[in-house]
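Single-structure report; data block below.
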Amino acid sequence: MLDATMLIVIALAYVGGLFVIAWIGDRVLLRSPPGSGGRPLIYSLSIAVYCTSWTYFGSVGLSARTGYDFIPVYLGPILMFTLGLPVLMRIVRVAKGQNITSVADFIAARYGKSQTVAALVTVVAVVGSLPYIALQLKAIAVTMETLIGNHALLPVDLPRSIFNDTAFLITVALSAFAILFGTRHGDATEHQQGLILAIATESLVKLAAFLAVGLFVTFAMAGGPQALLAQAAAHEEIAKIFGQSFHGGTWLTVGLLSAVCIVLLPRQFHVAIVENNSESELRRAAWMFPLYLVLINIFVVPLAAAGLLFVGSQGNDPDFYVLTLPVSAGAEWMSLVAFIGGLSAATAMVIVESIALAIMLSNGVIIPLLVRYHVADIVAHGDMARLLLTIRRVAIVGVLFLAYLVFSALGESQGLAAIGLVSFAAIAQLAPAFFGGLFWGKGTSSGALAGISIGFLVWGYTLLLPWVAKAGLISHGIVENGPFGFTFLRPQALFFLEFEPLTHGVLWSIGANIIAYVMVSLVRAPTPIERIQAQQFLSDEQFRSTLHSSPSLRMWRSPITIDDLQSTVARYLGEERTVRSFSDYASANGVMLIPSAKADIQIMRFAERLLASSIGAASSRLVLALLLARANATGPNALRLLDDASEALHYNRDLLQSAIDQVRQGLSVFDKDMRLICWNRQFREMLDLPADLAQVGIPLDRVLEVLAERGDFGQGNVKDLVSQRLIRLAVTRETFQEQVDGGRRIVEIRTSTMPQGGIVTTYSDVTDRIAAASALARANENLERRVRERTAELLDVNAALAVAKTKADEANLDKTRFLAAASHDIMQPLNAARLYVQSLSESSIDPQSMKLVRNVDASLNAVEEIFSTLIEISRMDARRVDVDITDFPLSDIFEQLKLEFEPVARERGLAFTVLPTNVWVRSDRRLLRRVLQNLVSNAVKYTRTGKVVLGLRRRGEVVSLQVLDTGPGIPEDKRRLIFHEFQRIEGAGSREHGLGLGLSIVERICLMLGHPLELNSEAGKGSMFSVVVPLAVPVKETRTTVVPARKLGSPKGSYVLCIDNEPAVLAGMEALLGGWGCKVTTATSIPTSVQAASSMPALPDVILADYHLDLGTGLAAIAAVRDKLKVDIPAVIITADHSAEVERHVREAGHAILRKPLKAAALRALMTRLLMQTPTAAQ
């Protein structure tokens, strides 16, 4: 057991050692200059002030009660410092830009520097922090009483001669320590290096102490981790505690509270935001602080298990197992180490928290009251700074003694962790206004006031009231039955929603807070000053969407003089610092401050920011507003005047910044002392500068030094490299190029001087330009060689192409000759065979022979179709089909098709109808006839019963030629297939012979002619094929044909002259026509045809001639006969040549044309029509 006097001496010696460390930090250690790396280790350790006696003692107690539910208390901060680092970065930037002194100052500045918001946030922070400070008092008091023997944990009856009330004396001592540590000067934004170094030291002490106790208990008392684990596994109570199910609601609630409180707790905001030197410190803390949290929690579970094993049965409070375990083992020195660690954890928190709360109380509540009620006016000039320090000292004492009262009244009714979580829930009521102000531009001061007030009241009702009832200060019935017996208003089951008490209270309070904040903000539009401040807290993109109007731009002068302004500032900051600050302002802006001159908006804003560093943003605005009111007859409008002028200034500045940010080049401006005063976004991006260097006042040589150290200037002494660039930029002002980003980019730098001294530098990324120039040079070097090579290659290729073209032309010529020979030589014998067969079929023979004749005829038809189709496809593929677009009447084609297919349809028992028409179209006569011929042929071939119709429909400037049938129809899934080569549909018409090439030819011809082809069909009902052809204007034609006077009803008895160079064909014709009763005379050439016609007993009624004769053509033979007989005898050209040229010559001569192999029915029908004509003029 330790002696009380010795314990006090040790505690005082420890605190004295902290004073020495703080003195070293303030006097010996140099402050980190702007843009430097800062003090990342000290900064990260100072943030560990988050780990108070709740962590040191309470985490073990919480683990001994609930298992692993202590983890989310530290998981939230870890997530905030890792995933939420961009948010923390933004908070730091805003705080530095606004000279923020506290979390109340931050929120008030966001909402138009509202004094009411600052006061409310201060009250909430103080009330919410009192339980937390009381927790520290309880921890110190219990540990001291435990060690000196006057605590129920180890009931030893020792007199406490020097103690009347341990907690009270501790409160007095801590008040003195906090005053000595934190109120040595009035500038709340000035970095307190000594205090931060002392807090960082305390973080190391408590970590080392906790690890030492953990190692002692684990190895010395329990025999090692494995032994401890084995004993814990065998202990039923321990296994039950650590085997509990996962408490998801508790983890989520506590994790959320700890994540926001790591920023919003007054002490955390002070050390993490206000005391931050650079963003590099924050980036380093993003992994160092989470590592600290992991280390300080390593032995929480082992200590909890050991406490339950070794001292739990003695009725000891689990919150203090860290101390009672060494005490129970009789290890006095380890007990002392545990005590010092706990003392370090508690004192660090109390000192920093009380200082932060004192600043908030003085700046947010007391100073505004003194200024508003003119109490500050009676204070002697220069004494206001001392008054500020006095107020803060009194505030520290007041806060700590209020915390003592809370401890005395409520401290014994809750464990350390429970007290801390209630405090966390109170501070979390600031979160909606704090974080909402960072990301939502429509939030207003009214919304913030409503949200915080309602959330705080709900917190008090759902979380604080049950605690007060548990302490016995009020009846517990209100918790169990609700006020006045209204059970639906029970604090821990509001509206019958039952959760774990903490989750219930947080859900209701934060929910009501957010709803009130959003709804009230949407109802009331922001004031001009609120819009100005929103601009500072929001990113550009977010803010622009919330602005509704821009202020009018005007020159603005205040009614007060610079001397009045400087005197007012000096009252709060002291004469020396004020004079120095105003001199620095004049030097930086290149102006001369004349005391009697009127203050402009720029210097007013400077004075406001300067005052804010001492008394906060809201109070500084109030001080200047009252100063304006005294100097201006329109006193009530002073705030409005200041706000409008500020808005105009901000608008001008933002407009300028927005303009230079749109410049493609990087831009920076350095004053006459070569310090950075203005820059754009591209300046940082192009040089890849850290954010710490993008600050006003950064020396040019510091920027160059960072680039040189990074290797952008190449190898060499850093100082020499920096000096060379300084001379180029500031002295010779020459244009030069530098390689940055490890030589991957080249930047061209140009310098211009400013009228009042200083330089403007521009930076252009010329990497692509340099690369292009280099590539162009290399290209020029090789250009001639490549041109020669390419020229030689092209000559070789051209020669090869010429040879290939010659061969291709010869092949095409050979193919053309083959097609011509095939179309004549193959068709001639087929034609003769057909004539013989048709002659036999019309003669009187026995049925058996007739069947054979018909079979032969069918076979010849199939062969004819195959050869005709293949020859035609070959011609199309070889592009040897000549398209001859003319205007002609459709009636010609319709009549020919009627003559050709009417006998065939009649033979099959079908009705074939050709609708008469006088329409003219523009197309190729021969190819269009081929299309319709194939369509009609298919319709007749595949229609078993019913009819086939050939007609047309007008459609504006075009006409749709349609072939309809009542055949089997075409299924929808086969409609594309039928246009492929050699494809036929199996079905009702599949017994018909064919190659499946007819529709393929139709589609090809339609594509050649540009005539759309359409198909409509319904299975089982028939099909309709349509060809859309342009209309043409009718043209009158006059052609006179003289025919013999007599008119015959049939070919019988007519005189026919047949001309062909193939005897077999002539013999077949003679047999066929003779069977019809015709008197046939044959000839094989032009001379013999003239002779034969002259020797006939009568004039020929019709001439049938082949086109190709051995010498000459059938056209010449017909012309010779007509000349000889002096009569235009009707004539028909029968040819195996299907070319367009032949057809055109025949049409021009005015003759009819039939193609071989000849169809007897078509010939008979044509002859009948010709023989029935009278000598008239055919129009």
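The values are calculated or read from the model by the stated rules, or taken from the named source; none is laboratory data. Values in this document were obtained by computation on a predicted structure and should not be read as measured data. Don't worry about glycine lacking a Cβ; one is built from the backbone with ideal geometry, like all the others, and counts go over all protein chains shown.
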- Conditions: (1) within 18 Å of Pro290 (Cα to Cα); (2) modelled with pLDDT under 75; (3) not small (Gly, Ala, Ser). Arg27 meets all but one. Number of the miss? (1)
- Residue among Leu430, Leu421, Leu497, Leu463 that is surrounded by fewer than 22 Cβ atoms within 10 Å (Cβ to Cβ) and outside the structural domain of Tyr56 (by TED's automatic domain parsing): Leu497
- Message: With the requirement that a residue be modelled with pLDDT of 80 or more, in a loop (DSSP other than H, G, I, E, B) and on the phi > 0 side of the Ramachandran plot, what does segment 987-1045 give you?
- Response: Gly1010, Gly1020
- Message: I'd like the residue in segment 167-191 that is at pLDDT 70 or above and among the polar types (S, T, N, Q) and, out of all such residues, is surrounded by the most Cβ atoms within 10 Å (Cβ to Cβ).
- Response: Thr171
- Message: Could you check segment 949-961 and list, in sequence order, the residues that are buried (at least 19 other Cβ atoms within 10 Å of the Cβ) and either within 60 Å of the chain's Cα centre (by Cα) or farther than 28 Å from Thr886 by Cα (or both)?
- Response: Val959, Leu961
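Matching residues to (1) surrounded by fewer than 18 Cβ atoms within 10 Å (Cβ to Cβ); (2) at pLDDT 85 or above:
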residue: Leu1048; (1), (2): yes, no
residue: Pro1051; (1), (2): no, no
residue: Ile1059; (1), (2): no, yes
residue: Pro1063; (1), (2): yes, yes
residue: Ala1067; (1), (2): yes, yes
residue: Gly1077; (1), (2): yes, yes
residue: Thr1084; (1), (2): no, yes
residue: Gln1091; (1), (2): yes, yes
- Going through (1) in contact with a Phe, Trp or Tyr (Cβ under 8 Å, 6 or more places away or on another chain); (2) at pLDDT 80 or above; (3) among the aromatic types (Phe, Trp, Tyr) one by one, Phe495 fails only at (2)
- Message: Looking at segment 720-744, I want the residues that are under 12 Å from Ile759 (Cα atoms) and have a partner that is polar (S, T, N, Q) and surrounded by fewer than 17 Cβ atoms within 10 Å (Cβ to Cβ) with Cβ atoms under 7 Å, at least 6 apart or on another chain. Which pairs are those?
- Response: Arg733/Thr753
- Task: Pull up segment 692-711, narrow it to residues that are surrounded by 16 or more Cβ atoms within 10 Å (Cβ to Cβ) and small (Gly, Ala, Ser), then point me to the one that is modelled with the highest pLDDT.
- Result: Ala708
- State all residues of segment 567-595 that are among the charged types (D, E, K, R) and either within 22 Å of Ile759 (Cβ to Cβ) or at pLDDT 75 or above (or both); if no residue qualifies, say none. Arg580, Asp584
- Task: Scan segment 512-524 and report the pairs whose first residue is of a type in the set (Val, Ile, Thr) and whose second residue is part of a helix (DSSP H, G or I), with Cβ atoms within less than 6 Å and a gap of 6+ or a chain change.
- Result: Ile514/Pro432; Val520/Ser446; Val520/Gly447; Val520/Ala450
- Residue check: is Ala239 of a type outside the set (Val, Ile, Thr), modelled with pLDDT under 85, in a helix (DSSP H, G or I) and surrounded by 19 or more Cβ atoms within 10 Å (Cβ to Cβ)? no
- Task: May I ask you to list pairs of residues, at least six apart or on different chains, whose Cβ atoms are under 8 Å apart, with the first in segment 999-1010 being assigned by TED's automatic domain parsing to the domain that holds Val1029 and the second being assigned to a helix (DSSP H, G or I) and of a type in the set (Phe, Trp, Tyr)?
- Result: Leu999/Phe979; Ser1000/Phe979; Val1002/Phe979; Glu1003/Phe979
- Message: Going by what's in this entry, would Gly757 be described as over 25 Å from Ala771 (Cα atoms) and assigned to a loop (DSSP other than H, G, I, E, B)?
- Response: yes
- Item | Residues (buried (at least 17 other Cβ atoms within 10 Å of the Cβ), not hydrophobic (A, V, I, L, M, F, W, C) and not in a helix (DSSP H, G or I)) located in segment 1113-1133 | Thr1113, Pro1130
- Just give me the residues in segment 440-479 being in contact with a Gly (Cβ under 9 Å, 6 or more places away or on another chain) and among the hydroxyl-bearing types (Ser, Thr, Tyr), in sequence order. Thr444, Ser445, Tyr461, Thr462
